[in-house]
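Report on the structure given below.
The values are calculated or read from the model by the stated rules, or taken from the named source; none is laboratory data. Computed from a prediction, not measured in an experiment: that's the story for all the values here. Cβ: placed from backbone, ideal geometry, glycine included. Neighbour counts: every protein chain shown. The area values use the complete protein model at the heavy-atom level, side chains included, leaving out ligands, DNA and RNA. Shrake-Rupley method; radii C 1.70, N 1.55, O 1.52, S 1.80 Å.
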Amino acid sequence: TVFGVGNPEARVVFFGEAPGADEDRQGEPFVGRAGQLLNKMLEACGFRREEVYIMNVLKCRPPGNRTPSADEVANCRSFFQRQLEILSPPYICCLGSVAAAALLGTAMPLGRLRGRFHTWRSSKVLCTYHPAYLLRNPEAKRDAWEDLKLLLRDMGLQPPQGKGRGTS
C-alpha cells in the first residue's frame, strides 16, 4: 500500500492516479521517472517535496500498471476522501484526468478542466497534466507550468526567478 507522503499541514496536496512499479517497491508515491519530473515541477514553484503532501486516488498499483477502472476508483473513494478531509488542504492540484475525474466527479476532459479553479469541500482544486503524460508529451509542459503559476499566484506566491524551465 502506498498511502501518501509529505507535510500533513501542507497548503497544497498533489493528487495523482495510482502507484507504479517503483512506488510499489518503495512504498512512496511519485518516486519513478514521473516523480523525478514532479520534483522538478515542485522545485520550479519554490516548494520542497517535504513541504507539500503527495498522494494518489488508488493506494495499490492496478494490474499491468493500467489506468484504474471505475470500480477500483469507487473502492478507493472513501479512503482518499477521508485522507483529504483529514488533511483539509486549502489547495489540491489534481495531476491528470483520473485524479480530476475521481475528485470532482466529472467526465469532462482534462483540457477543459485546466486553467481555472474548481471546488472540493473547502479546497480550491486546480487540474493539470500528470508528470507521466508530460514525459510522453513534452510540448504540454508549457501548459502545465501556466497551471502551476496560476496556483502560485492564487496562493499569494511568485515563482522563483529563472524557474519554470526546470520541468524540462
Considering only residues of region 1-27 that are free of Cβ contacts under 8 Å to residues at least 40 places away in the same chain and closer than 20 Å to residue 134 by Cβ, which is least open to solvent (accessible area, probe 1.4 Å)? 23
Of a type in the set (Gly, Ala, Ser), open to solvent by 20 Å² or more (accessible area, probe 1.4 Å) and assigned to a helix (DSSP H, G or I): which single residue out of 35, 64 fits that description? 64
Among (1) part of a helix (DSSP H, G or I); (2) open to solvent by 30 Å² or more (accessible area, probe 1.4 Å); (3) of a type in the set (A, V, I, L, M); (4) over 19 Å from residue 2 (Cα atoms) - the single one residue 108 does not satisfy: (1)
Exactly one condition in (1) crowded, with 19+ Cβ neighbours inside 10 Å; (2) touching a Pro at 6+ places or on another chain (Cβ under 7 Å); (3) within 17 Å of residue 4 (Cα to Cα) is false for residue 89; which is it? (2)
If you go through region 120-127 one residue at a time, do you hit one that is in contact with a helix residue (DSSP H, G or I) (Cβ under 9 Å, 6 or more places away or on another chain), in a helix (DSSP H, G or I) and at pLDDT 95 or above? no
Residue 53: on the phi < 0 side of the Ramachandran plot, in contact (Cβ under 8 Å) with a residue 40 or more places away in the chain and among the aromatic types (Phe, Trp, Tyr), yes or no? yes
